Amino acid sequence: MAEAGNSGGGARKRKMADKKDAGGARKLAPNSNWPAIKSKKNLQITRLKDSDLFTVPEFLSATESKAFIRAAESIGFVHQGSLGPTMGEAYRDNDRISVNDPVLASTLWDSGLSKLFSDIKIRGKVGQRFGRHIDESADIGDGKRTYYTLLIYLSGSSKAKASKSELDSQKDASMVPLVGGETVFYGWRNNVVAEVAPAEGMALLHIHGDKCMLHEARNVSKGMKYVFRSDVAFA
């Protein structure tokens with residue numbers, strides 16, 4: 001399952017969903033019109049905690065990131081909230097789209113993920129702000145189980161220079177430079193293990209299930225934060 005997430009301040013249009021998943025997100029059928037993703041041959045891993053937590057700069061190009069934002073915005077987001085910590089749920093306030101698309105998943109895997117995981121051994125198994133939480137491992141059938149959470153930041157700092165048309169459109173909240181929205185991981189006694197600032201096109205992968213670190217997405221104070229989320233599963 002892949003999700004496109006959006007967090008930010010200011011008013012924005014939301015389209016009503018015909019179908020929703022258990023969490024209230026808009027659930028879409030497979031779509032052959034997703035943006036093309038080119039295969040990346042020289043992706044580099046930055047390890048933040050061995051193989052449990054690492055980033056991959058420029059997993060998507062700036063052009064690919066912006067194309068996914070446009071595609072998601074054209075579909076429309078649905079607000080995703082929660083009952084809050086007092087009811088045993090992490091605080092959550094963001095918009096989301098959810099899609100189960102094997103073709104899109106395969107495209108992401110073949111674009112570079114398969115090579116990144118070729119040297120990673122899976123050990124053991126179990127199970128506009130997003131408060132502290134852990135991601136559970138899920139049994140998806142056919143002997144397959146999810147082991148890693150994949151986040152691809154579609155907005156954030158970028159090495160690419162903005163075009164004149166993009167600069168002219170910065171009155172739109174989605175084009176205002178992003179401030180905040182860091183993903184923070186906590187270890188023993190709530191010490192900060194890593195703080196990852198969104199960077200356009202960068203992938204963040206972290207192990208989940210019984211080894212998942214407590215983590216949260218900090219408040220977005222300016223601009224819009226767009227995140228593509230999926231899971232990495234193995235048989």
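Just to verify a result, which residue in segment 30-83, among those that are assigned to a loop (DSSP other than H, G, I, E, B) and among the hydroxyl-bearing types (Ser, Thr, Tyr), is farthest from ILE120 (Cα to Cα)?
The residue in question is SER82.
Filter segment 84-95 down to the residues that are crowded, with 20+ Cβ neighbours inside 10 Å and either at pLDDT 85 or above or in a helix (DSSP H, G or I) (or both) and list them by number.
ASP95
Taking only pairs six or more apart or across chains, which ones have beta-carbon atoms under 7 Å, a first residue in segment 133-145 that is closer than 19 Å to HIS206 by Cβ, and a second residue that is among the β-branched types (Val, Ile, Thr)?
Going by the 7 Å Cβ cut-off, the qualifying pairs are ASP135/THR149; SER137/VAL126; SER137/THR146; ALA138/THR146; ILE140/THR146.
Which one of ARG70, ARG47 is at pLDDT 90 or above, open to solvent by 30 Å² or more (accessible area, probe 1.4 Å), touching a Leu at 6+ places or on another chain (Cβ under 9 Å) and within 24 Å of PRO198 (Cβ to Cβ)?
Result of the check over ARG70, ARG47: ARG47.
Name the residues in segment 95-112 that are farther than 11 Å from ILE37 by Cβ and of a type in the set (Asp, Glu), would you?
Result: ASP95, ASP101.
Taking the conditions exactly as written (among the hydrophobic types (A, V, I, L, M, F, W, C), modelled with pLDDT under 90 and touching a Gly at 6+ places or on another chain (Cβ under 6 Å)), does ALA173 satisfy them or not?
So ALA173 passes the test.
The values are calculated or read from the model by the stated rules, or taken from the named source; none is laboratory data. Values in this document were obtained by computation on a predicted structure and should not be read as measured data. With ideal geometry, Cβ positions are generated from the backbone for all residues, glycine too; neighbour counts draw on all protein chains shown. Areas reflect the complete protein model, heavy atoms only, side chains present, ligands, DNA and RNA absent. Shrake-Rupley method; radii C 1.70, N 1.55, O 1.52, S 1.80 Å.
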